[in-house]
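Report on one structure; see the data block that follows.
The values are calculated or read from the model by the stated rules, or taken from the named source; none is laboratory data. If you're wondering where the values come from, they're calculated on a predicted model, not measured in any experiment. Don't worry about glycine lacking a Cβ; one is built from the backbone with ideal geometry, like all the others, and counts go over all protein chains shown. The protein model used for the area step is the full one, side chains on, heavy atoms only, and it has no ligands, DNA or RNA in it. Shrake-Rupley method; radii C 1.70, N 1.55, O 1.52, S 1.80 Å.
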Amino acid sequence: MIFISHSSLNEELAKQIRDDLQKNHYQCFLSGDDLEADDDWHDEIWKALRSCHAFLGLVTSDFFKSAFCQQELGAAMAMGKPRLLILHDATKPPGFAARFQACKRAKLVETLNKHKRYRNVRVEAWISAVESVPTYRDAN
């Protein structure tokens, strides 16, 4: 599962990215859609961070103004989660995150499909794709 971290001010953009990923069978966690009424959202976000196979940060000027986004990114880095930052505007990541090359949205699926560090999330996507087709030939 890919944990998508974003500012609540960028919710629609985060949903578009999630939809792009789901079209390619990648499972995603997006807090605005995946939390139920009455959930302790702090606990649910921590559970999702601990169980995710990759972290995706939607980097905008609002992302770095959000204490929660900063904490999610820091937690993902501390847990050694494979991380990918998507630059949406000219905002450059500060601190430790600045040393990692970001990805353009247009190259997101290609990057996940190609790099070794995203193998676990890619395997999940392949299994999901195979489960959703009627024949073996379609799975190929």
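Roll a 1.4 Å probe over the protein chains and send me the accessible area per residue for the chain in Å².
60 Å²
Between HIS88, HIS53, HIS115, which gets the highest mean-square fluctuation from a Gaussian network model of the chain, Cα cutoff 10 Å?
Ranking HIS88, HIS53, HIS115 by mean-square fluctuation puts HIS115 first.
Using only the alpha carbons of the range 51-90, determine the length spanned along each of the three principal axes and report them from longest to shortest in whole angstroms.
In descending order, the Cα extents are 28, 18, 12 Å.
Computed FRET efficiency, Cβ-Cβ of ASP20 and ALA98, R0 30 Å: what is it to the nearest 0.05?
0.75
Normalised by the residues of the chain, what does the relative contact order come to in percent, with Cα pairs under 8 Å and at least six apart?
Reported relative contact order: 27 percent.
Quick check on my link table: of LYS65/LYS114; LYS47/LYS107; LYS65/LYS104; LYS15/LYS116; LYS23/LYS104, which ones sit more than 24 Å apart, alpha carbon to alpha carbon?
LYS65/LYS114; LYS47/LYS107; LYS15/LYS116
Considering only protein heavy atoms and a probe of 1.4 Å, how much of the accessible area of the range 10-140 is carbon and sulfur, as a whole percent?
The computed percentage sits at 50.
Once you have a ≥ b ≥ c as the square roots of the Cα gyration tensor eigenvalues for the range 97-136, tell me rounded if a/c is under 1.5, and otherwise prolate or oblate according to whether a/b is larger than b/c.
Judged from the Cα gyration tensor, the range 97-136 comes out prolate (a/c at least 1.5, a/b above b/c).
Using a Gaussian network for the chain with springs between C-alpha atoms less than 10 Å apart, which of these wobbles most: GLU110, GLU124, GLU72?
GLU110
Over all directions, average the projected area of the Cα convex hull of the range 62-140 and note it in nm².
Convex hull of Cα atoms, orientation-averaged projection: 6.7 nm².
So what's the angle, to the nearest 10 degrees on a 0 to 90 scale, between helix 119-131 and the longest Cα principal axis of the chain?
Compared with the principal axis, the helix lies near 40 degrees.
Tell me the angle of helix 41-51 to the major Cα principal axis of the chain, expressed in degrees between 0 and 90 and rounded to the nearest ten.
50 degrees
Please work out how much length the chain gains when fully extended from ARG117 to ASP38, using 0.36 nm per residue of separation minus the C-alpha to C-alpha distance, in nm with one decimal.
Extra length from ARG117 to ASP38 when fully extended: 24.9 nm.
Could you list which residues have their amide H under 5 Å from that of LEU84, counting only those 5 or more apart in sequence or on another chain, with H placed in the peptide plane?
Result for LEU84 returns PHE55, LEU56, GLY57.
Can you list the residues, at least 5 places off or on another chain, whose amide H is less than 5 Å from the amide H of CYS28, using H built in the peptide plane?
Amide H neighbours of CYS28, under 5 Å, 5+ apart: ILE2.
Would you mind telling me which residue in ASP62, ASP38, ASP20 has the biggest mean-square fluctuation in a Gaussian network model of the chain, where springs connect alpha carbons within a distance under 10 angstrom?
ASP38
Wrap a convex hull around the Cα atoms of the chain, take a quarter of its surface area, and give that in square nanometres.
If you wrap the Cα atoms of the chain in a convex hull and average its projections, you get 8.9 nm².
If you fit an axis through the alpha-carbon atoms of helix 11-23 and take the longest principal axis of the Cα set of the chain, what angle between them do you get, 0 to 90°, nearest 10?
20 degrees
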